[in-house]
Amino acid sequence: MAQATQTVKPRNHPGSGRRKGADHPKGRQTDPAALAEIQALLGNRSRQRDLLIEHLHLIQDKWGHLSARHLAALAAEMKLAQTEVYEVATFYAHFDVVLEDETPPPDLTVRVCDSLTCALFGADKLLGDLKGALGSGVRVVRAPCMGGCHNAPVAAIGHALHENATLDSVTQAVKRGDTHPHAPPHIGFNEYRAKGGYGLLEDCLAGRRKVEDIVKTMEVSGLRGLGGAGFPTGRKWRFVRQEKGPRLMAINADEGEPGTFKDRIYLETDPNRFLEGMLIGAWAVEATDVYVYLRDEYPQCHEVLKHEIARVDAAGLSRHTHIHLRRGAGAYICGEESAMLESIEGKRGLPRHKPPFPSQVGLFGRPTLINNVETVYWVRDIVEKGPDWFLSHGRNGRKGLRSFSVSGRVKKPGMMLAPAGITARELIDEYCGGMADGHVFKGYLPGGASGGILPASMADIPLDFGTLEPHGCLIGSAAVVVLSDRDSMKDAALNLLRFFEDESCGQCTPCRVGTEKVVKLMEQPKWDEGTLQELAKVMTDASICGLGQAAMNPVKMVLKHFRGDLT
């Protein structure tokens with residue numbers, strides 16, 4: 001019997017399992033020089049996954065954009081796939097990704113807010129004038145709300161917020177190089193402590209206060225989440241505390257709702273009152289770490305918090321937890337709590353499906369207490385003065401205090417601390433000095449872009465949780481935008497829907513496709529009401545998060561109350 005012989009296939013034979021020709025590394029390769037630059041920039045900072053966005057900020061701040069070579073080097077340094085870095089870098093509006101065949105943007109970018117209140121005060125004209133005046137050496141672009149609605153119009157020159165902007169003021173600021181944020185005057189750590197600040201926190205840490213007593217006080221006060229959702233604060237603390245540890249806490253300081261700026265005011269003026277309430281919350285739920293997620297449009301607040309947190313740490317007042325200050329990067333969707341958690345983890349800000357809820361499975365998979373800035377700001381006053389003090393405020397059968405961000409056609413816009421349940425008419429007349437000269441009250445947004453629009457004839461509805469829902473509106477974060485007889489409600493609604501179209505994260509089809517389709521329909525001389533109503537139902541019923549679910553509220557209200565503006 002003949003002996004079997006084994007056929008040896010050549011190296012590049014089609015059946016050899018090897019690629020034909022020489023082997024080549026796949027994908028974009030790391031440039032050694034770029035890697036060295038990234039390593040020098042990061043220094044001894046941690047390379048952990050959740051710091052990706054922070055590291056992207058460092059690169060953007062230093063070079064003015066994110067080049068492909070630096071993204072590849074960052075991926076190598078953090079041991080991430082390049083696609084993980086690229087998909088995050090391209091998700092956020094404040095990151096400028098520049099590929100090899102693209103021209104980097106100019107060294108300076110001026111962003112002009114085009115949200116509703118700024119549009120009322122001439123933002124479109126300002127945008128066009130600046131493009132002509134500043135020349136090719138400066139990039140001028142539209143941008144969503146920057147939290148300066150009471151000083152509209154607003155522009156951001158580099159990282160510096162420039163309010164009551166005019167062509168001349170912005171041009172001069174650019175010439176001066178006024179592009180960096182400055183910490184505004186505020187009650188600093190020493191002054192706050194001298195007036196009794198952090199005494200309550202010290203009592204908690206020393207065991208002179210019991211957790212159950214603090215949580216019970218918060219429950220009795222009736223304080224609710226003041227970021228928009230309105231969930232009872234004390235109950236949330238109790239729910240999180242009941243979950244198995246380790247637990248975390250996250251502060252939502254990403255108030256991107258057009259018309260909203262109340263949290264900014266508290267952070268700029270009395271940041272330690274906010275920090276004390278936050279640290280008491282962390283103590284109550286035994287959170288090992290606290291993450292403060294601050295919108296990137298508030299660089300001045302970042303300067304304040306960075307300084308004050310360092311003082312708190314140095315004084316040993318955060319010994320029970322670790323405080324992490326994180327920057328957003330220009331994404332309204334990250335104001336949604338689960339999208340915020342994704343962003344803190346260094347990912348795209350895509351909302352999560354619920355359940356499970358963050359109180360059960362939150363940041364890094366741990367039970368997480370999520371509170372808004374204003375919510376924890378009230379903790380010290382409520383505990384020291386008692387829940388009855390908080391409940392003693394209110395009007396029209398409602399209880400507590402609310403911070404209203406008021407902008408638009410009023411004489412004195414600003415953040416107004418007023419009784420919960422006050423009406424829009426009372427707010428305008430008693431707190432804002434009435435309507436601006438020459439303007440007649442026509443309508444108002446009771447709760448920012450997603451809160452709907454109501455006519456002046458319905459300005460006697462108490463502004464609080466549960467009072468506006470029967471009318472198809474929401475109080476949300478209590479951003480009240482006042483409109484007059486000189487304003488088109490049709491144009492106002494279109495401005496709001498363009499905002500939602502731009503800010504949709506794109507994860508779910510009803511919101512991603514729906515907002516785009518709605519804007520196209522609204523741009524037509526005559527609205528196709530039947531299709532708009534169908535889209536409203538689909539978006540409301542099927543969108544993953546509140547952006548898509550509430551986006552059509554302005555359209556619904558214009559169709560219902562302002563039909564005269566449609567002709």
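Can you confirm whether Glu54 is open to solvent by 30 Å² or more (accessible area, probe 1.4 Å), in contact with a helix residue (DSSP H, G or I) (Cβ under 9 Å, 6 or more places away or on another chain), modelled with pLDDT of 95 or more and acidic (Asp, Glu)? No: the conditions fail for Glu54. Taking Asp429, is it in a loop (DSSP other than H, G, I, E, B) and over 23 Å from Glu257 (Cα atoms)? Judged against the criteria, Asp429 is not a match. Kindly indicate whether Asn151 is surrounded by 15 or more Cβ atoms within 10 Å (Cβ to Cβ), under 22 Å from His302 (Cβ atoms) and not hydroxyl-bearing (Ser, Thr, Tyr). Against the criterion (surrounded by 15 or more Cβ atoms within 10 Å (Cβ to Cβ), under 22 Å from His302 (Cβ atoms) and not hydroxyl-bearing (Ser, Thr, Tyr)), Asn151 qualifies.
Let's see how each residue does on (1) over 20 Å from Asp460 (Cβ atoms); (2) among the hydrophobic types (A, V, I, L, M, F, W, C); (3) touching a helix residue (DSSP H, G or I) at 6+ places or on another chain (Cβ under 9 Å):
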| position | (1), (2), (3) |
| --- | --- |
| Glu384 | yes, no, yes |
| Trp389 | yes, yes, yes |
| Arg395 | no, no, yes |
| Arg398 | no, no, no |
| Ser407 | yes, no, yes |
| Pro413 | yes, no, yes |
| Met416 | no, yes, yes |
| Ala420 | no, yes, no |
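Filtered by the rule that a residue be assigned to a helix (DSSP H, G or I), of a type in the set (A, V, I, L, M, F, W, C) and closer than 13 Å to Ala155 by Cβ, region 98-131 gives Cys118, Ala123, Leu126, Leu127, Leu130. Taken over region 492-512, the criterion of being open to solvent by 10 Å² or more (accessible area, probe 1.4 Å), within 30 Å of Asp460 (Cβ to Cβ) and touching a residue at least 60 places away in the same chain (Cβ under 8 Å) is satisfied by Asn495, Phe499. Is it the case that Ser169 is touching a His at 6+ places or on another chain (Cβ under 8 Å) and surrounded by fewer than 17 Cβ atoms within 10 Å (Cβ to Cβ)? Spelling it out, Ser169 is indeed touching a His at 6+ places or on another chain (Cβ under 8 Å) and surrounded by fewer than 17 Cβ atoms within 10 Å (Cβ to Cβ). Kindly provide the set of residues from region 289-346 that are part of a helix (DSSP H, G or I), without any contact (Cβ under 8 Å) to a residue 40 or more places away in the chain, open to solvent by 10 Å² or more (accessible area, probe 1.4 Å) and not small (Gly, Ala, Ser), ordered by number. Lys306, Ile309, Asp313, Glu342 - these are the residues of region 289-346 that are part of a helix (DSSP H, G or I), without any contact (Cβ under 8 Å) to a residue 40 or more places away in the chain, open to solvent by 10 Å² or more (accessible area, probe 1.4 Å) and not small (Gly, Ala, Ser).
Of all the residues in region 73-94, those that are among the hydrophobic types (A, V, I, L, M, F, W, C), open to solvent by 30 Å² or more (accessible area, probe 1.4 Å) and not in a loop (DSSP other than H, G, I, E, B) number 1. The residues of region 120-139 that are under 26 Å from the mean Cα position of the chain (by Cα) and either open to solvent by 40 Å² or more (accessible area, probe 1.4 Å) or charged (D, E, K, R) (or both), listed by number, are Phe121, Asp124, Arg139. In region 398-417, of all residues being touching an Asp or Glu at 6+ places or on another chain (Cβ under 9 Å) and open to solvent by 50 Å² or more (accessible area, probe 1.4 Å), the one that is farthest from Tyr444 (Cα to Cα) corresponds to Lys399. Where the second residue is among the aromatic types (Phe, Trp, Tyr) and open to solvent by 20 Å² or more (accessible area, probe 1.4 Å) and the first is outside any helix (DSSP H, G or I) and lies in region 213-229, which pairs have Cβ atoms under 6 Å and are six or more apart or on separate chains? Here the result reads Gly225/Phe231, each pair linking region 213-229 to a residue that is among the aromatic types (Phe, Trp, Tyr) and open to solvent by 20 Å² or more (accessible area, probe 1.4 Å). Give the residues of region 110-127 that are of a type outside the set (A, V, I, L, M) and closer than 15 Å to Met146 by Cα, sorted by residue number. Across region 110-127, the qualifying residues are Arg111, Cys113, Asp114, Ser115, Thr117, Cys118, Phe121. Identify the residue in region 347-380 that is in a loop (DSSP other than H, G, I, E, B) and within 24 Å of Met78 (Cβ to Cβ) and, among all such residues, is farthest from the chain's Cα centre (by Cα). The qualifying residue farthest from the chain's Cα centre (by Cα) is Arg366. Please indicate, with yes or no, whether at least one residue in region 54-68 is touching an Asp or Glu at 6+ places or on another chain (Cβ under 7 Å), over 30 Å from Arg498 (Cα atoms) and not charged (D, E, K, R). Yes; the residues of region 54-68 include at least one that is touching an Asp or Glu at 6+ places or on another chain (Cβ under 7 Å), over 30 Å from Arg498 (Cα atoms) and not charged (D, E, K, R). Do we have Leu226 as in contact with a strand residue (DSSP E or B) (Cβ under 7 Å, 6 or more places away or on another chain) and at pLDDT below 95 here? For Leu226, the condition - in contact with a strand residue (DSSP E or B) (Cβ under 7 Å, 6 or more places away or on another chain) and at pLDDT below 95 - is met.
For Asp263, are the conditions met, namely being over 30 Å from Leu445 (Cα atoms) and either more than 20 Å from the chain's Cα centre (by Cα) or buried (at least 22 other Cβ atoms within 10 Å of the Cβ) (or both)? No: the conditions fail for Asp263.
Considering the conditions (1) without any contact (Cβ under 8 Å) to a residue 60 or more places away in the chain; (2) under 25 Å from the mean Cα position of the chain (by Cα); (3) open to solvent by 30 Å² or more (accessible area, probe 1.4 Å), Glu191 is excluded by exactly one of them, (2). Looking across region 95-119, just one residue is open to solvent by 30 Å² or more (accessible area, probe 1.4 Å), under 30 Å from Ala479 (Cβ atoms) and among the acidic types (Asp, Glu), and that is Asp114. If you take the residues in region 522-565 that are in a helix (DSSP H, G or I) and among the acidic types (Asp, Glu), which one is surrounded by the fewest Cβ atoms within 10 Å (Cβ to Cβ)? In this case the residue turns out to be Asp541. Residues in region 342-390 that are in contact with a Lys or Arg (Cβ under 7 Å, 6 or more places away or on another chain) and closer than 24 Å to Lys195 by Cα: Glu374, Tyr377, Arg380.
The values are calculated or read from the model by the stated rules, or taken from the named source; none is laboratory data. From a predicted model like this one, the values you see are computed outputs, not experimental measurements. Using ideal geometry, Cβ is built from the backbone for each residue, glycine included, and neighbour counts are taken over all protein chains shown. Heavy atoms of the whole protein, side chains included, go into the accessibility calculation; ligands, DNA and RNA do not. Shrake-Rupley method; radii C 1.70, N 1.55, O 1.52, S 1.80 Å.
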